[in-house]
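Single-structure report; data block below.
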Amino acid sequence: VLFTGVLVGILSTVFGVGGGIVMVPVLTLILPYSHIEAVATSLATIFLVASLNTFHFQKAGLIVWKIVPWIVITSSLFSFLAARVAILLPEKILIIIFICVLLWVAIQTFLINSKSEIKTPSSPGKIVPLSIGALIGTISGMTGVGGGAIATPIMLISGLVKNLQATPTSN
């Protein structure tokens, strides 16, 4: 458990991923927890890690704050709703959803072009960040995978953030 915590902390800080991608499989495959218990534990523990990362990234000026409130509003709501649905689903369905999300993350990791050269929009509007938040929240509430694994690729694909800003803004 201690090793898992250290690994999640390191991966979250460096890549913005860790909670769902590392913790959920470890808790279900190595430790005696059900998939839904692993998802709930992942979501609960990543809060502290992301909070500490956010503090340090803010000091470095890397967070795109103008999109954060809009993503937070819908991701929180949709995560809450998706978690309520996840409790009702059979564990096999949750595992299939989890595997599909991990496959999507793997594919996106190889396909994303660096956005370090683009300028982020001065006023991205609200629709794109609200939509991104809804997608992030739904996936996170169902699978325990959220922040970096889902938000980072989506924010990069949408052009809302530069590569260097993706992980900090995700946290």
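The values are calculated or read from the model by the stated rules, or taken from the named source; none is laboratory data. Here the structure is a predicted model, which is why all the values come from computation and not from measurement. Note: ideal-geometry Cβ built from the backbone for every residue, glycine included; neighbour counts use all protein chains shown. The area values use the complete protein model at the heavy-atom level, side chains included, leaving out ligands, DNA and RNA. Shrake-Rupley method; radii C 1.70, N 1.55, O 1.52, S 1.80 Å.
What do you reckon, is Leu43 crowded, with 20+ Cβ neighbours inside 10 Å and farther than 21 Å from Thr138 by Cα? I'd like the intermediate steps shown before the answer.
On the way: crowded, with 20+ Cβ neighbours inside 10 Å: yes; farther than 21 Å from Thr138 by Cα: no.
Judged against the criteria, Leu43 is not a match.
What tally of residues in segment 94-110 results from selecting those that are at pLDDT 75 or above and loosely packed, with under 13 Cβ neighbours inside 10 Å?
Final tally of qualifying residues: 6.
Please identify the pairs in which a residue from segment 49-63 that is farther than 19 Å from Asn163 by Cα and open to solvent by 40 Å² or more (accessible area, probe 1.4 Å) has its Cβ atom under 6 Å from the Cβ atom of a residue that is part of a loop (DSSP other than H, G, I, E, B) and hydrophobic (A, V, I, L, M, F, W, C), counting only partners at least 6 apart or on another chain.
none
Inspect all residues belonging to segment 125-143 and state whether any of them is at pLDDT below 85 and either more than 13 Å from the chain's Cα centre (by Cα) or open to solvent by 40 Å² or more (accessible area, probe 1.4 Å) (or both).
Within segment 125-143, one or more residues are at pLDDT below 85 and either more than 13 Å from the chain's Cα centre (by Cα) or open to solvent by 40 Å² or more (accessible area, probe 1.4 Å) (or both).
Of the residues Ile154, Ile150, which single one is under 29 Å from Val26 (Cβ atoms), at pLDDT below 85, open to solvent by 10 Å² or more (accessible area, probe 1.4 Å) and out of contact with any Ser or Thr (no Cβ under 6 Å at 6 or more places or on another chain)? Full working, then the answer.
Working: Ile150 fails: open to solvent by 10 Å² or more (accessible area, probe 1.4 Å).
After applying the criteria, what remains is Ile154.
What's the number of the only condition in (1) open to solvent by less than 70 Å² (accessible area, probe 1.4 Å); (2) at pLDDT 90 or above; (3) touching a helix residue (DSSP H, G or I) at 6+ places or on another chain (Cβ under 8 Å) that Val161 fails to meet?
The failed condition is (2).
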